[in-house]
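One structure is given here, and the rest of the page talks about it.
The values are calculated or read from the model by the stated rules, or taken from the named source; none is laboratory data. As the structure is a prediction and not an experimental result, all values here were calculated from the model. We place every Cβ from the backbone using ideal geometry, glycine too, and count neighbours over all the protein chains shown. Note: accessible area is taken over every heavy atom of the protein model, side chains too, but ligands, DNA and RNA are not part of it. Shrake-Rupley method; radii C 1.70, N 1.55, O 1.52, S 1.80 Å.
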Amino acid sequence: PLEAPVAIVTWVWLAGVLGMAAYSVVSYLRLRQKLLTASPLRGNIYLADEITSPFVMGLLRPKIYLPSDIDEREQPYIIRHEQHHIRRGDHIIKTLAFLALSIHWFNPLVWVAFICSNKDMEMSCDEAVIEQFGSSIKQGYSNSLLEFAMERHPYSFAPVAFGEGDAGRRIENVLNFKKPQTWLAISVIVLLVIVGISC
């Protein structure tokens with residue numbers, strides 16, 4: 001008796017997976033088209049006329065793309081932000097997270113997890129940049145966040161983009177950021193290990 005309903009649900013799930021896959025492929029191809037005229041700045045960093053926000057793209061050989069009209073004063077800390085993504089492997093993690101989201105598109109908790117993980121990635125990189133450059137860049141960094149967050153960009157599916165996430169929360173986090181005490185970090189790690197073992 002359940003054969004027909006199960007078949008219908010299966011086809012609906014499969015249609016959702018194919019829809020997510022089609023969206024990612026189309027978005028990727030549209031973005032690649034915008035990057036055809038990108039010019040190298042140095043190393044794996046490129047300037048592109050057709051984009052409105054910095055981002056990392058690529059899995060095996062990730063590249064950093066910046067808008068051509070980006071202010072030179074913003075470049076150092078924005079580049080460091082994107083380099084931190086690459087060093088930590090966020091571009092790979094986000095791609096795998098999107099793959100999981102495509103398979104579990106029907107589950108609202110997976111959507112929440114995907115969105116929250118993206119926000120955490122961005123805020124963590126923000127903090128790493130502030131920790132390296134110091135509090136003197138907080139105002140300029142916050143202005144950059146606000147500027148790029150106001151731009152609409154079609155590449156949230158996989159590339160790690162500077163302007164992503166809750167801009168208001170990120171700006172508040174940047175302005176209030178203080179380097180955590182070493183003892184506090186160690187205490188949190190120990191607590192997480194204990195909780196993990198207990199579970």
- Task: Could you list all residues from segment 123-136 that are surrounded by 13 or more Cβ atoms within 10 Å (Cβ to Cβ) and among the small types (Gly, Ala, Ser)?
- Result: 124, 128, 135
- Query: Considering segment 33-49 alone, what residues qualify as being open to solvent by 100 Å² or more (accessible area, probe 1.4 Å) and outside any loop (DSSP other than H, G, I, E, B)?
  - Reply: 33, 42
- Message: Can you tell me how many residues within segment 59-103 are closer than 25 Å to residue 49 by Cα, open to solvent by 40 Å² or more (accessible area, probe 1.4 Å) and in contact with a Ser or Thr (Cβ under 9 Å, 6 or more places away or on another chain)?
- Response: 4
- Between residues in segment 70-85 that are within 19 Å of residue 136 (Cβ to Cβ) and residues that are among the hydroxyl-bearing types (Ser, Thr, Tyr) and at pLDDT below 85, which pairs lie under 9 Å by C-beta distance while being six or more apart or on different chains? 71/144; 74/141; 74/144; 77/141; 77/144; 78/141; 78/144; 81/141
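Residue-by-condition table, conditions (1) surrounded by 14 or more Cβ atoms within 10 Å (Cβ to Cβ); (2) assigned to a strand (DSSP E or B); (3) not basic (Lys, Arg):
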{"position": "4", "(1), (2), (3)": "no, no, yes"}
{"position": "8", "(1), (2), (3)": "no, no, yes"}
{"position": "11", "(1), (2), (3)": "no, no, yes"}
{"position": "51", "(1), (2), (3)": "yes, no, yes"}
{"position": "56", "(1), (2), (3)": "yes, yes, yes"}
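Within the group 79, 64, which residue is touching an Asp or Glu at 6+ places or on another chain (Cβ under 8 Å) and modelled with pLDDT of 90 or more? Give the steps one after another, and end with the answer.
Details: 79 fails: touching an Asp or Glu at 6+ places or on another chain (Cβ under 8 Å).
Among 79, 64, only 64 is touching an Asp or Glu at 6+ places or on another chain (Cβ under 8 Å) and modelled with pLDDT of 90 or more.
Need a quick list: helices (runs of 4 or more DSSP H) entirely within segment 60-153 having at least 3 residues that are closer than 27 Å to residue 178 by Cβ and in contact with a strand residue (DSSP E or B) (Cβ under 8 Å, 6 or more places away or on another chain).
Answer list for segment 60-153: 75-88.
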- Task: All but one of (1) touching an Asp or Glu at 6+ places or on another chain (Cβ under 7 Å); (2) at positive phi hold for residue 122, so report the exception by its number.
- Result: (2)
- Residues that are farther than 19 Å from residue 57 by Cα and surrounded by 15 or more Cβ atoms within 10 Å (Cβ to Cβ), drawn from segment 104-122: 104, 105, 110, 113
- Task: Only residues that are surrounded by 11 or more Cβ atoms within 10 Å (Cβ to Cβ) and either in a loop (DSSP other than H, G, I, E, B) or at pLDDT below 70 (or both): list them for segment 180-199, please.
- Result: 180
